[in-house]
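Following this message is one structure expressed as structure tokens.
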Amino acid sequence: MDASQARAWLYAVADSIAGQADHLTQLDAAIGDSDHGVNMNRGFTAVRAALDGAPADGVRGVFTLAGSTLVSRVGGASGPLFGSALRALGKALPEQGDADTAALAAGLRAGLEAVCKLGGAVPGDKTIVDAYAPAVDAFEQAARAHSGDRDGGLAAAARAAADAAQQGMRDTIPLQARRGRASYLGERSVGHQDPGATSTWLIFQALADTVTTRRP
Amino acid sequence: MKKFINHPDAVVREALIGLSAAHPDLRVDLDGPYAARADAPRAGKVALVSGGGSGHEPMHAGFVGLGMLDAACPGEVFTSPVPDQIVAASRAVDGGAGVVHIVKNYTGDVMNFQLAADLLGDGGIEVQTVLVNDDVAVEDSTWTAGRRGTGATMLVEKIAGALAETGAGAAAVAAMGTRVNEASGSFAVALTACTTPAAGRPGFELPEDEMEVGVGIHGEPGRRREQLLPARDIAAMSLEAIMAAKPVASGEDVIVLMNGLGGTPLIELYLLYGEVAGMLEAAGVRIARNLVGDYVTSLDMAGMSLTVCRADAEMLRLWDAPVRTPALRWGV
């Protein structure tokens, strides 16, 4: 992945979040406080503006800038969590230039660890982690299996990650929330899809769309 | 849902412009954004900084002033402030004696204040944090994010703020805040959902004959939905839940906050307060001080929260100390 692909991914996330903002807010209204779509849209709109105004840097700079922008602009739990994930991803990548698929896998793993450390969530708590953790696992496996591909396995890994994130997102429906605002509802949180896991899927879906359409 | 707004995205900023126009005692920085005492920083005084999502007015900016907060950081509606604004507010009011953050126990608030405290610590400003988690409707267990910070937040801000005004150190001020939190329990019941400006419609639908029991202050549904009961039974249910978690013995003093969530007429709050007062009197508990009104709200939610704080003599003395803020003022 090079810096222009990294930017294209984040712009695609911004487009996707903007299109799904109402849906995300509706999901949040059921078990939270009706602001997830609004907050994510505000954050990624700010990310887009920050990237527009920043020099064409390496992949590391692109992700750390995006992460810092989310931490500074979103608030709530989403800002620190998604922002820390992107910052950790950036910091795990080479200081200059591009990142190969193995480095990206390590960065995504570092992002997941940052989220778990900051939020204290584990798989099954009905959070971002329920989509993010299986996505990272799938990305790593596919990256290894497809390392001989022309693109170093990036497209295959991204597609596998998006599919796993989507499954993880759907699997949050029967869970009872144990973290975040939805946990206050106790058993009443069962039967609803987690908004944070949904945003996580949108992010991985945007990655898959970006790397498969730009570099066939 | 109709609202007096210009644009959903501008609500917080435009309300701060109005707050600033109404209260010259405040210095409102629209870029932070934060609201600070105009006379801050005060050399040698511990600075109290709180904040949280907007939509709970008058909390927190309405509690900035003599004897209470030095600064408040309003986030977007129901969204915690970001670390940058907490850092900016803390730096603006730091008088060299340390900073105490008063944080309601929500995942986002805790994270953003923690990130801010880390940044402030890197810059040489030591921060002590008081975590408020008084809502007894939520079990404090591994199954939840822990009890929420609700009505007791204003008691913590008043009493710790009064202690800070005496020149007490940061550790003592924080310890007092924690003591007030531990002595307090709250419980809330809602008759309607609230409508955030961005969503434009109520967060949930509630039939005419039902109520949400054990709600928080963010328009989320409560712990359970029940048939609507007479006010007497709602008062009893709330008081029993609080007493079970934070027992008060006969002969002890309490501060009672009968708080409206934004859409409940004062006449109903007084009716509820009368019920609670009668029950506490019957139990031999003395209501040493009380407040009835909208202090910790949830936008336009019709609902009430009851907070009972078991108060010792020192807390009562600090409660009575002068306070001059937009929403609370006496003794000056």
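Just how large is the dipole of the protein assembly as shown about the Cα centre, in debye to the nearest 20, putting +1 at every Lys and Arg Cβ and -1 at every Asp and Glu Cβ?
540
Starting from the Cα-Cα distance between residue A:187 and residue A:23, subtract it from 0.36 nm times their residue separation and give me the gain in nm to one decimal.
Gain in length upon complete extension: 56.8 nm.
List the longest stretch of chain B that has no exposed loop site; here a site is one of the trypsin sites (Lys or Arg not before Pro) assigned by DSSP to anything other than H, G, I, E or B, with at most 15 other Cβ within 10 Å.
B:4-332
Are there any chymotrypsin sites (Phe, Trp or Tyr not before Pro) in segment B:4-98 that are in a DSSP loop and have at most 14 other Cβ atoms within 10 Å? List them by number.
B:4
Would you kindly calculate the translational diffusion coefficient of chain A, applying Stokes-Einstein with the Kirkwood radius from alpha carbon pairs, for 20 °C and a viscosity of 1.002 mPa s, and quote it in µm² s⁻¹ without decimals?
Value of D from the Cα-based Kirkwood radius: 127 µm²/s.
Among B:271, B:287, B:229, which residue has its Cα furthest toward the positive end of the charge dipole of segment B:228-332, with +1 on Lys/Arg Cβ and -1 on Asp/Glu Cβ?
The Cα lying farthest towards the positive end belongs to B:287.
Compare the Cα positions of B:38, B:241, B:217 along the charge dipole of chain B (+1 at Cβ of Lys, Arg; -1 at Cβ of Asp, Glu; about the Cα centre) and return the one farthest towards the positive end.
B:38
Could you tell me which chymotrypsin sites (Phe, Trp or Tyr not before Pro) in segment B:80-160 are loop residues by DSSP with no more than 16 other beta carbons within 10 angstrom of their beta carbon?
B:143
Can you give the longest run of chain B that contains no GluC sites (Glu not before Pro) sitting in a DSSP loop with at most 12 other Cβ atoms inside 10 Å?
B:1-204
Which of the GluC sites (Glu not before Pro) found in segment A:67-161 are loop residues per DSSP with 13 or fewer other Cβ atoms within 10 Å of their Cβ?
Hits after loop and neighbour filter: A:95.
Still on this structure: Suppose R0 equals 51 Å; then what is the FRET efficiency for residue A:57 and residue B:332 from their Cβ-Cβ distance, rounded to the nearest 0.05?
0.40
Continuing with the same structure: Using the basic label-point model (7 angstrom from Cα toward the beta carbon), what is the residue B:249 to residue B:2 distance in nanometres?
Inter-label distance under the simple model: 5.6 nm.
Calculate how many DSSP beta bridges within chain B are antiparallel, expressed in % of all such bridges and rounded to the nearest 5.
Of all bridge pairs located within chain B, approximately 55 percent are antiparallel.
A further question follows. Where Lys and Arg each count +1 and Asp and Glu each count -1, what net charge lies around residue B:275 among other residues with Cβ under 14 Å from its Cβ?
Charge balance in the 14 Å sphere: -3.
Between residue B:140 and residue B:317, what is the label-point separation in nm under the 7 Å Cα-to-beta-carbon projection?
For residue B:317 paired with residue B:140, the spin-label model returns 2.7 nm.
What net charge do the residues around residue A:109 carry, taking every other residue with its C-beta under 12 Å from that of residue A:109, with Lys and Arg at +1 and Asp and Glu at -1?
Value of the local net charge: -3.
Now, a different point. Nothing charged except the Cβ atoms of Lys and Arg (+1) and of Asp and Glu (-1): what's the magnitude of the dipole of segment B:1-121 about its Cα centre? Round to the nearest 20 debye.
With only Lys, Arg, Asp and Glu charged at Cβ, the dipole is about 240 debye.
So, one more: Quote the charge dipole size of chain B about the Cα centre in Debye, to the nearest 20; the model charges only the Cβ of Lys and Arg (+1) and of Asp and Glu (-1).
520
Determine, for A:23, B:23, B:101, the number of other Cβ atoms within 10 Å of each Cβ, and report the residues in order from fewest to most.
Ordered from fewest to most neighbouring Cβ atoms within 10 Å, A:23, B:23, B:101 come out as A:23, B:23, B:101.
Shape call for segment B:12-182 from the C-alpha gyration tensor, a ≥ b ≥ c root eigenvalues: rounded (a/c under 1.5), prolate (a/b greater than b/c) or oblate?
rounded
Let me ask something else. Taking a ≥ b ≥ c as the square roots of the Cα gyration tensor eigenvalues, with a/c under 1.5 meaning rounded and otherwise prolate when a/b beats b/c, else oblate, which class fits the protein assembly as shown?
Because a/c hits 1.5 or more and a/b exceeds b/c, the protein assembly as shown counts as prolate.
Could you tell me which of the pairs A:91/A:117; B:2/B:104; B:104/B:246 are separated by over 24 angstrom between their Cα atoms in the structure shown?
B:2/B:104
Grab the Cα-Cα distance for residue B:283 and residue B:118, subtract it from 0.36 nm times how many residues apart they are, and report the gain in nm with one decimal.
Computed gain between residue B:283 and residue B:118 is 54.8 nm.
Moving on. Based on the Cβ-Cβ distance of residue B:17 and residue B:290, what FRET efficiency does E = 1/(1 + (r/R0)^6) give at R0 = 25 Å, to the nearest 0.05?
Between residue B:17 and residue B:290 the formula returns 0.15.
Coordinate-derived values only; no laboratory data. Predicted model, so just to flag it, every value in this text is computed and none were measured. As a convention, Cβ positions derive from the backbone with ideal geometry for all residues, glycine included, and neighbour counts pool all protein chains shown.
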